[in-house]
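K.L.:
I have a structure I would like to understand better, so I am pasting it below and will then ask my questions one at a time.
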Amino acid sequence: MPTSRCRRGMKTGVAHKSYGVALPMNQGKLKKLLRLLPVWRWGLAYSLDRWIRELFEDGCLSTWQNAKSFPSCLSQRQWDSVSRQAKAALDSWLTNRQNDFRGIVASSTLDDALKHELHSINLRYAWYEHVDDEAHHMARRLMKHLRKRHRMPDLSKCRVMDMDGKIARVEDARNTKCERWAVVSTLESGKPIRVPIVADRKLDGNLFANDETLSNHLTIRFDPEGNPSGRLITTLPKAKARTQGETLGLDWGMDCMFALSDGRLLGTRMSDWLKQRDAELTELTRALQKSGIKPSRSRRYRNLQRRIRAHYRNEIGRLFNKLGRERVKEIVVERLDFRSQGLSHRMNRLLTRTGRAAVSAKLKRLQELDGIAVAEVNPAYTSQECSRCGYTARNNRQTRDLFRCECCGTTLHADINASRNILSRRSRRDGWRSIRKQEIVRMLNQEHADRCAHHGEHHVGDAQTSGAAPRRGKPHERDASAEVKIQTVS
């Protein structure tokens, strides 16, 4: 049997941080990098095609590509960097499809034995192994379905060049105002250029204060106007897992960015800011369309999108940094959805792409640099379940912000109620991530019925996907102690 897909080689016990840097080079050096960019793009597409072909033909991916037979438009060392960048893009795509695959199998009606085999295949990225059995046939069918919904990465328009130390050696500068430069290989063999690097002041401070080491690695990104910016990578030991502190459930909202199970609402000002920017984005899009101009070709439109993304990422980072400084040992999250009914489709798409990447990066950072564990649970019905008595019904969430249990009368902010359900679901086996929604609501209703069996009559939840009418008795009197005070944090 072929081995499973090989991971990118990263040292265990080592975390990575990146820092934005300016690259104030002259026009001659900039032109040489701009001449390299289209060849680099072509190389990315060529290398990615070879990786994909290897996955389909061999059933797994090797650790590296032998680029000796590749076209001579790039040097052997440049091909190594191009190949790693292409594989990183494919790795990211495969990881997302692995999550999609797991969700489809978990919510399916397949028998448990076949589900177990499919989960095992998915865990090993072994969908295309040369094995002729029912499970692998099913796995390939599912992957074919996912490939139709999510296309493979297209690197032909990539504006990023990820260079390792073989072709972008970072060293102390000599006879220049900049402290560092990168010796970068270009298309001219034996004639590298020295690109000045102006780093963030935090970089030098952390290199001396922490056990950070500067890696011999440079990422160069070009904006649509051809202006370059860069990022440097540092390595440092991973933080030890925290053994003391509280465990928090976290729910994503739009009126507030995060709702925590301890009753706090974080980022309450973001909603109004996003609505203002959404109005600007919609008005600008309408004006451009009337003028016959594509929004993507408008510098003003791109700058507005860039401003929204930057503010959104910064706010996410600020709030997670705040949690990292608190006595928290674990954060329990759901699969986050960044869409809001009060925003346009264009803005929701922008926030989804930006927010998902930013939150994933910050959660990984909390684990590696702060030692905070992160657990993911199935979010099904967390917005309809009462965090106090467990009663689950659609009508429990009466408005977008208000949750009032029809059974016990508990009244609190809807997002805080959901965050407490997310926290309690941490105690379920595997966070119920491998259980279908229909099975979850059946178990919730059964547990509530058993819990309330000593009452003369009780509610039967109406959250079933069938939409059946609820069967209810009289709700219990509202418990005044169920009211909670909400602390908002902007």
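K.L.:
Of the residues in the stretch 41-86, how many are within 31 Å of the chain's Cα centre (by Cα) and hydroxyl-bearing (Ser, Thr, Tyr)?
P.N.:
Result for the stretch 41-86: 6.
K.L.:
If you go through the stretch 164-196, how many residues are in contact with a Lys or Arg (Cβ under 7 Å, 6 or more places away or on another chain) and closer than 15 Å to ASN26 by Cβ?
P.N.:
6
K.L.:
Do you know which residues across the stretch 253-286 are among the aliphatic types (A, V, I, L, M) and under 19 Å from ARG300 (Cβ atoms)?
P.N.:
Within the stretch 253-286, LEU274, ALA279, LEU281, LEU284 qualify.
K.L.:
Scan (1) in a strand (DSSP E or B); (2) at pLDDT below 85 for the single condition MET163 breaks and write down its number.
P.N.:
In the conditions (1) in a strand (DSSP E or B); (2) at pLDDT below 85, MET163 misses (2) alone.
K.L.:
Those residues that are surrounded by 13 or more Cβ atoms within 10 Å (Cβ to Cβ), of a type in the set (S, T, N, Q) and farther than 30 Å from LEU366 by Cβ, I need them from the stretch 276-321; list them, please.
P.N.:
THR282, THR285, SER298
K.L.:
Could you tell me which residue of the stretch 169-202 is farthest from the chain's Cα centre (by Cα), considering only residues that are polar (S, T, N, Q) and closer than 20 Å to LEU34 by Cβ?
P.N.:
Ranking the qualifying residues of the stretch 169-202, first place goes to SER189.
K.L.:
So for the stretch 156-171 (the condition being over 30 Å from ASP49 (Cβ atoms) and either surrounded by 18 or more Cβ atoms within 10 Å (Cβ to Cβ) or aromatic (Phe, Trp, Tyr) (or both)), does at least one residue qualify?
P.N.:
Looking for residues that are over 30 Å from ASP49 (Cβ atoms) and either surrounded by 18 or more Cβ atoms within 10 Å (Cβ to Cβ) or aromatic (Phe, Trp, Tyr) (or both), one finds at least one in the stretch 156-171, hence yes.
K.L.:
Restricting attention to the stretch 195-214, and to residues there that are of a type outside the set (Asp, Glu) and part of a helix (DSSP H, G or I), which single residue is modelled with the lowest pLDDT?
P.N.:
Among residues in the stretch 195-214 that are of a type outside the set (Asp, Glu) and part of a helix (DSSP H, G or I), the one modelled with the lowest pLDDT is ALA209.
K.L.:
Which of (1) surrounded by 14 or more Cβ atoms within 10 Å (Cβ to Cβ); (2) closer than 30 Å to PHE101 by Cα; (3) not charged (D, E, K, R) is the odd one out, the single condition HIS145 does not satisfy?
P.N.:
Unmet for HIS145, out of (1) surrounded by 14 or more Cβ atoms within 10 Å (Cβ to Cβ); (2) closer than 30 Å to PHE101 by Cα; (3) not charged (D, E, K, R): (1).
K.L.:
Can you find even one residue in the stretch 340-350 that is of a type in the set (D, E, K, R), modelled with pLDDT under 90 and farther than 30 Å from ASN421 by Cα?
P.N.:
yes
K.L.:
Out of (1) touching a residue at least 60 places away in the same chain (Cβ under 8 Å); (2) touching an Asp or Glu at 6+ places or on another chain (Cβ under 9 Å); (3) surrounded by 22 or more Cβ atoms within 10 Å (Cβ to Cβ); (4) of a type outside the set (Phe, Trp, Tyr), what's the single condition that is false for LEU423?
P.N.:
Evaluating LEU423 over (1) touching a residue at least 60 places away in the same chain (Cβ under 8 Å); (2) touching an Asp or Glu at 6+ places or on another chain (Cβ under 9 Å); (3) surrounded by 22 or more Cβ atoms within 10 Å (Cβ to Cβ); (4) of a type outside the set (Phe, Trp, Tyr) leaves (2) as the failure.
The values are calculated or read from the model by the stated rules, or taken from the named source; none is laboratory data. Predicted, not measured: the structure shown is a model, and the values here were computed from it. Using ideal geometry, Cβ is built from the backbone for each residue, glycine included, and neighbour counts are taken over all protein chains shown.
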